[in-house]
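Bear in mind these aren't lab numbers, they're just calculated from the coordinates by the rules spelled out. None of the values given here were measured: they were computed from a predicted structure. Neighbour counts run over all protein chains shown; Cβ positions are idealised from the backbone, glycine included.
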Amino acid sequence: MDVLDPAIAMQIVSRTMSILGHNVNVMNSRGVILGSGDNLRIGAVHEGALLAITQNRVVEITAEVASGLIGVKPGINLPLHYQGEIIGVIGITGEFKEITPYGQLLKMTAEMIVEQANLQDNLQWENRQKEAFILQLVKGELPHKAQLTEWAAQLGVSLETPRVAAIIEVSDLNASVQHDGHGANNLKEISRLLQHPERDNLVAMTSLNQLVILKPALLDGKQWDPILESTRIDSLLKRLPAHLKDRIKIALGHYFPSIEGIAHSYQTAQETLSIGKQMNSEERKYLFEDYSLQVLLSGLKHNWRGEVLSSHYKQLQSVDKKGVLRKTLAAYTTHFGDLQHCANALHIHRNTLRYRLDKIQAITHVDIHTLDGLFSLYLGQLITDQ
């Protein structure tokens, strides 16, 4: 992108003419008028500007001189500089004595507008680059190590900092747009909270309603402590604005020590969020440690190993249309095979419980009174019901 483009040129014209009261032209480094108070002059080549560029000086145009030039009116033309280079010219139309006192002030104002605009563009470019970098990390699509190191250095990101992935999801996005006008800006608002005060978090939007945060993993500087991370998440939840508190869910993944492990951490956070919402939809915080078995088994759901592990439970599922036997099995595993506690939890007689357990064994051909048998049905249930 050009340092001086038509949008910036018209911004300069608008801001300076409102104060000056004279027509202002802004030309690029080729002398073409990009912005002017006279729209008919836009796109024309200004010979006075070409002279100011080639000689790098203020060019005064009298009425007599202007009559001999094409596309030029009386006034002065001052070269504009950015980072030591001539990027264009600003011209003021009018009588020389009247407009000369404003020349240097106008030049300085124009150069400040250019600098501000390009600073903003550079910041946006850097943010886009950092977001692309983060998405590469979480997808596991890492470039060659030398390229990754150079990219990280350009962005000021340390690859030596161990990181763990967390996901923030904003629910009811349409309701947000309708009721409070924030919409997708909710995620930007949360992103600012995550980065200020400075916590060395790497934050990127992964969808219209999700953010990924790559957090420094060793908060005490020594070891990974999910309990400490959990308290930090609680603190963040308390800091959220009132209009977001009921629509936010946060999932924390597992920590893997290598840079390649960031993608695994992100995957565990994503699956923790999915399983957590399914099992405890009213909660706002989901930790991998609380759902670790379900998350680790989730990869088996569409795998042949998972099919074998869940085959006996699926036999039970196909017969148990009302779910009574599956509910009994869940209670039996929850109470580690303790018949009396299981019967009490189900509010049934022990004989009824024995009858149901015998029926489960008959359907599945699994001895649920052995650890292997009960565990195989339990794993099958976890894989199937996810």
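Each DSSP beta bridge with both residues in the chain is either parallel or antiparallel, and the antiparallel ones are about 90%. Neighbour counting of Cβ atoms within 10 Å sorts the residues 304, 224, fewest neighbours leading, into 304, 224. Loop sites by DSSP among the GluC sites (Glu not before Pro) of the chain, restricted to those with at most 14 other Cβ atoms within 10 angstrom, leave 284-386 as the longest stretch without any of them.
In whole Å, how far is the Cα centre of the range 294-336 from that of the range 42-111? The two parts, judged by their Cα centres, are 80 Å apart. Between helix 371-384 and the chain there is an angle of about 40 degrees, using the helix long axis and the longest principal axis of the Cα atoms. For 266, 355, the sequence from fewest to most other C-beta atoms within 10 Å is 355, 266. Here, P(r) means the percent of Cα pairs in each 10 Å bin from 0 to the largest distance; for the range 6-121 it is 15, 54, 28, 3, 0. Ranked for footprinting exposure by Cβ neighbours inside 10 Å, fewest first, 264, 347 give 347, 264.
Calculate for the chain the 222 nm mean residue ellipticity that helices alone would give, adding -39,500 (n - 2.57) per DSSP H run of length 4 or more and normalising by residue count, nearest 500 deg cm²/dmol.
Working: 17 runs with 206 residues, N = 386.
After summing the helix terms and dividing by residue count, I get -16500 deg cm²/dmol.
Eigen-decomposition of the gyration tensor built on the alpha-carbon atoms of the chain gives equivalent ellipsoid semi-axes of 70, 20, 18 angstrom, largest listed first. Working note: Cα gyration tensor of the range 304-384, eigenvalues times five, square-rooted, sorted largest first, giving semi-axes of 21, 13, 11 Å.
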